[in-house]
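The values are calculated or read from the model by the stated rules, or taken from the named source; none is laboratory data. A quick note: this is a predicted structure, and the numbers were derived from the prediction, not measured. Note that each Cβ is placed from the backbone with ideal geometry, even for glycine, and that neighbours are counted across all protein chains shown. Just so you know, the surface numbers come from the protein's heavy atoms only, side chains and all, with ligands and any DNA or RNA stripped out. Shrake-Rupley method; radii C 1.70, N 1.55, O 1.52, S 1.80 Å.
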Amino acid sequence: MALYARHHGPPLAPDDVWNAWSFEPSVLIPLALLVLVYFWGMRNVWRRAGREHGIQRRQYLSFAAALVSLLIAFVSPLDALSDALFTAHMVQHLILIMVAAPLLVMSNVPLAFLWALPRTQAQGLGFRWNQSSVLARIWQTLDNPVFAWFVFTITLWLWHAPKFFQAALENEGIHILEHVTFLLTSMLFWWVLLKPSAQKYRQYGMAVAYLFTTVLQSAVLGALMTFTERPWYAYYADLSPAWGLTPLQDQQFAGLMMWMPGGAVFTLLTILYFAAWLRALERRSARSQKRNATSARKELQKKARFNGSA
């Protein structure tokens, strides 16, 4: 009954999957507004700073790629398939968390949104932001790696808890809230990881711990789904058999999706950041040695001049 309440029709059948495109206004209107605001803001930035300044080519291409990933997640047949298979639902979540969120962060959405505002409002907002100690403390909290990791992890585990996941499947409003919180907390997670930093060795060292602990917690959640002896979500009990899977097999495939492909991305990033951290430490050590050698040479020259004058 919950499935009918969401899509106003019978469950998706395998023969109908490629015709199951979704054109829900609740999805298309926010995406259209997102595109309009971003490109209007980008236009204003370019009028002031010059074409491809402020927002560069790689950034607006990242935005375009993020938009494509959101269309795949919510407009393509994947969305309808997520109502029949938990595995498809997990793929949808992974697209939000590991594709759309980092691409939106790399696209510099806040700058585009700020420049999309009327000039006086943007200046007023910027002034209040710079003068408000409350906003400064809020941003300092959001920008903290421990807070970002904690919020991201709690969101991931909370929405996959049977009670909350089942509620999202049965109520479209809760389902929208689930996807919005996944996207926003994932963007915060990726912002903290990808933000520029002058002290690379500290940023990379933080990233290694940040990512390694993410690998561990997501692997635990994926493993619990994979090795459980009973399915967690009654919603899919009567739906997955039409696709040749038992509810338990469907859940195990979903767990493997989180555990293997999802974990592989975080593991690869951990290795890359670890290598970058080692290189940054080597460069820092080399600069320190060079400074020490220069100071020692200057000290010797100073002593030589003093001895010569004596």
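Under 30 Å from Gln249 (Cα atoms), part of a helix (DSSP H, G or I) and touching a residue at least 24 places away in the same chain (Cβ under 8 Å): which single residue out of Val17, Val45, Val37 fits that description? Outline the logic, then answer.
On the way: Val45 fails: under 30 Å from Gln249 (Cα atoms); Val37 fails: under 30 Å from Gln249 (Cα atoms).
One residue alone meets the criteria, Val17.
Check Ala88, Ala84, Ala65 and return the single one that is over 18 Å from Gly262 (Cβ atoms), at pLDDT below 95, small (Gly, Ala, Ser) and in contact with a Leu (Cβ under 8 Å, 6 or more places away or on another chain). It would help to see each step written out before you state the result.
Working: Ala88 fails: over 18 Å from Gly262 (Cβ atoms); Ala65 fails: at pLDDT below 95.
Within the list Ala88, Ala84, Ala65, the selection yields Ala84.
Mind counting the residues in the stretch 94-111 that are open to solvent by 60 Å² or more (accessible area, probe 1.4 Å) and touching a residue at least 40 places away in the same chain (Cβ under 8 Å)?
Number satisfying all stated conditions: 1.
Anything in the stretch 161-185 that is outside any helix (DSSP H, G or I) and in contact with a Phe, Trp or Tyr (Cβ under 9 Å, 6 or more places away or on another chain)? List them, or say none.
Within the stretch 161-185, the first condition is being outside any helix (DSSP H, G or I), and the residues that meet it are 161, 171.
Passing the criteria: only Ala161.
Could you identify the single residue in Leu111, Leu34, Leu117, Leu61 that is in contact with a helix residue (DSSP H, G or I) (Cβ under 8 Å, 6 or more places away or on another chain) and closer than 26 Å to Val265 by Cβ? So that I can check it myself, show each step before the final result.
Working: Leu111 fails: closer than 26 Å to Val265 by Cβ; Leu117 fails: closer than 26 Å to Val265 by Cβ; Leu61 fails: in contact with a helix residue (DSSP H, G or I) (Cβ under 8 Å, 6 or more places away or on another chain).
After ruling out the rest, the residue left standing is Leu34.
Could you check the stretch 223-246 and list, in sequence order, the residues that are closer than 19 Å to Trp159 by Cβ and part of a helix (DSSP H, G or I)?
Ala223, Leu224, Met225, Thr226, Ala234, Tyr235, Tyr236, listed by residue number.
Could you list, in sequence order, the residues of the stretch 10-25 that are under 17 Å from Ser69 (Cα atoms) and either of a type in the set (Phe, Trp, Tyr) or open to solvent by 50 Å² or more (accessible area, probe 1.4 Å) (or both)?
Trp21, Phe23, Glu24
The conditions are (1) modelled with pLDDT of 90 or more; (2) aromatic (Phe, Trp, Tyr); (3) more than 27 Å from Ser62 (Cα to Cα), and Trp190 fails exactly one of them. Which is it?
Of (1) modelled with pLDDT of 90 or more; (2) aromatic (Phe, Trp, Tyr); (3) more than 27 Å from Ser62 (Cα to Cα), only one is false for Trp190: (3).
In this structure, is Leu114 more than 20 Å from the chain's Cα centre (by Cα), modelled with pLDDT of 85 or more and surrounded by 13 or more Cβ atoms within 10 Å (Cβ to Cβ)? Before the answer, list the steps.
Values: more than 20 Å from the chain's Cα centre (by Cα): yes; modelled with pLDDT of 85 or more: no; surrounded by 13 or more Cβ atoms within 10 Å (Cβ to Cβ): yes.
Answer is no for this residue.
Looking at Ser26, is it in contact (Cβ under 8 Å) with a residue 40 or more places away in the chain and among the small types (Gly, Ala, Ser)?
Numbers: in contact (Cβ under 8 Å) with a residue 40 or more places away in the chain: yes; among the small types (Gly, Ala, Ser): yes.
So Ser26 passes the test.
Within the stretch 44-60, is even one residue crowded, with 16+ Cβ neighbours inside 10 Å and under 28 Å from Tyr235 (Cα atoms)?
No; the residues of the stretch 44-60 include none that is crowded, with 16+ Cβ neighbours inside 10 Å and under 28 Å from Tyr235 (Cα atoms).
Take Val215 and tell me if it is assigned to a helix (DSSP H, G or I), in contact with a helix residue (DSSP H, G or I) (Cβ under 6 Å, 6 or more places away or on another chain) and more than 15 Å from Pro145 (Cα to Cα). Let's see the steps before the verdict.
Working: assigned to a helix (DSSP H, G or I): yes; in contact with a helix residue (DSSP H, G or I) (Cβ under 6 Å, 6 or more places away or on another chain): yes; more than 15 Å from Pro145 (Cα to Cα): yes.
Considered against the rule, which asks whether it is assigned to a helix (DSSP H, G or I), in contact with a helix residue (DSSP H, G or I) (Cβ under 6 Å, 6 or more places away or on another chain) and more than 15 Å from Pro145 (Cα to Cα), Val215 comes out as yes.
With respect to Ala73, is the statement that it is in contact with a Leu (Cβ under 7 Å, 6 or more places away or on another chain), in a helix (DSSP H, G or I) and touching a residue at least 12 places away in the same chain (Cβ under 8 Å) true? Steps first, answer last, please.
Values: in contact with a Leu (Cβ under 7 Å, 6 or more places away or on another chain): yes; in a helix (DSSP H, G or I): yes; touching a residue at least 12 places away in the same chain (Cβ under 8 Å): yes.
Yes.
Read through the list (1) open to solvent by less than 40 Å² (accessible area, probe 1.4 Å); (2) under 24 Å from Gln251 (Cβ atoms); (3) touching a helix residue (DSSP H, G or I) at 6+ places or on another chain (Cβ under 9 Å), then give the number of the only condition that Ser76 fails.
(3)
Okay, residues lined up against (1) in contact with a Pro (Cβ under 8 Å, 6 or more places away or on another chain); (2) open to solvent by less than 40 Å² (accessible area, probe 1.4 Å); (3) more than 20 Å from Leu278 (Cβ to Cβ):
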site: Leu177; (1), (2), (3): no, no, yes
site: Trp190; (1), (2), (3): yes, yes, yes
site: Gln199; (1), (2), (3): no, no, no
site: Gln203; (1), (2), (3): no, yes, no
site: Ala207; (1), (2), (3): no, yes, no
site: Val215; (1), (2), (3): no, yes, no
site: Ala219; (1), (2), (3): no, yes, yes
site: Glu229; (1), (2), (3): no, no, yes
site: Trp232; (1), (2), (3): yes, no, yes
